[in-house]
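Step one of this worksheet: look at the structure below.
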Amino acid sequence: VPAPSPDPGPSAALHTPLTPGPGGGSASWAQQVHQLAQPEPQQQPHRNQGPAAGADQPVVPWKPPVDDPFQQLARNQASARPAGLGKRFAARLVDNLVLGAVVGAVAVPLSARALDHIDRKITAAKETGETVTVWLLDSTTGALLGALLAAFLLLGFLLEALPTAKWGRTLGKKLFGLDVRDIESHDTPSLGAALRRWLVYGVLGLLVLGVVNVLWCLFDRPWRQCWHDKAARTFVAG
């Protein structure tokens, strides 16, 4: 009668291979107990290194580096150079034509009133039958001349000084790509500097010294300044 097979114990359910004993035989009972008492090594979870590994990470789109606009503006200002004389004269010609047309529109009625006043004075002198000195400049014609001068300065402020302080350029300079800048900071000049620049230019123009003022930039170095630029500490860049 075959002997009944022994009931496997809890240690047999672990299916742990036993290390053979010395000489290739079966391990002793003490060795088997020692091996069964050792914990089984735990398997490390496999980390997926494929594209799905970073699926939970936010995707940041690549953007090309953009230059700081303030630094770029500072570099452009620092690299400004005096404008060419040809462009400057062309821009000044346009500005003078615009200013002359506007001032002329104001001067026509004032001149007509002054001429009528002088004509009446001459007619009255003839009617006396005596030699009478007729002064062309009196209180009436003086007031009309003062009004014309005030209109010239006011319109020059609106067409020259104000655009220069606000945008750094007049209409003529805008057409030819020029602008007026402070000689130290290379920024747009202040309103006070722009007004001083216009007054020196306008007054010298009325005194017939404007030609020398404009031609002075031909010899000035290094910023090609006219007298009105020197008074305002500005230069024309382009």
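The values are calculated or read from the model by the stated rules, or taken from the named source; none is laboratory data. What you see is a predicted model, and the numbers here were worked out from it, not measured in a lab. Glycine gets a Cβ as well: all are built from the backbone with ideal geometry, and neighbour counts include every protein chain shown. For accessibility, only protein heavy atoms count, side chains too; no ligands or nucleic acids. Shrake-Rupley method; radii C 1.70, N 1.55, O 1.52, S 1.80 Å.
A compact table of results
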item: Close pairs (7 angstrom Cβ cut-off, 6 or more residues apart or separate chains): in contact (Cβ under 8 Å) with a residue 24 or more places away in the chain in segment 214-235, of a type in the set (Ser, Thr, Tyr) anywhere; result: 228/201
item: Qualifying residue in segment 139-160 (condition: part of a helix (DSSP H, G or I) and touching a residue at least 60 places away in the same chain (Cβ under 8 Å)); result: yes
item: Among the candidates 139, 185, 190, residue that is modelled with pLDDT of 95 or more, surrounded by fewer than 18 Cβ atoms within 10 Å (Cβ to Cβ) and polar (S, T, N, Q); result: 190
item: Number of the condition not met by residue 181 [criteria: (1) part of a loop (DSSP other than H, G, I, E, B); (2) closer than 18 Å to residue 95 by Cβ]; result: (1)
item: Flag for residue 123 being out of contact with any strand residue (DSSP E or B) (no Cβ under 8 Å at 6 or more places or on another chain), at pLDDT below 95, exposed (fewer than 12 other Cβ atoms within 10 Å of the Cβ) and not basic (Lys, Arg); result: yes
item: Enumeration of residues in segment 196-212 that are open to solvent by 60 Å² or more (accessible area, probe 1.4 Å) and closer than 19 Å to residue 155 by Cα; result: 196, 199, 203, 206, 207
item: Identity of the residue in segment 111-128, among the basic types (Lys, Arg) and under 14 Å from residue 139 (Cα atoms), that ends up farthest from the chain's Cα centre (by Cα); result: 121
item: Single match in 110, 149, 136, 145 (criterion: closer than 25 Å to residue 92 by Cβ and either in contact with a helix residue (DSSP H, G or I) (Cβ under 9 Å, 6 or more places away or on another chain) or not aromatic (Phe, Trp, Tyr) (or both)); result: 149
item: Residue within segment 99-106 that is outside any helix (DSSP H, G or I) and under 18 Å from residue 228 (Cα atoms) present; result: no
item: Where residue 112 falls short, out of the listed (1) farther than 23 Å from residue 211 by Cα; (2) assigned to a helix (DSSP H, G or I); (3) in contact (Cβ under 8 Å) with a residue 60 or more places away in the chain; result: (3)
item: Lone qualifier among 215, 158 - being modelled with pLDDT under 95 and aliphatic (A, V, I, L, M); result: 215
item: Test for residue 144: is it closer than 21 Å to residue 205 by Cβ, open to solvent by less than 50 Å² (accessible area, probe 1.4 Å) and not basic (Lys, Arg); result: yes
item: Condition check for residue 176: open to solvent by 50 Å² or more (accessible area, probe 1.4 Å), in contact with a helix residue (DSSP H, G or I) (Cβ under 6 Å, 6 or more places away or on another chain) and either of a type outside the set (A, V, I, L, M) or on the phi > 0 side of the Ramachandran plot (or both); result: yes
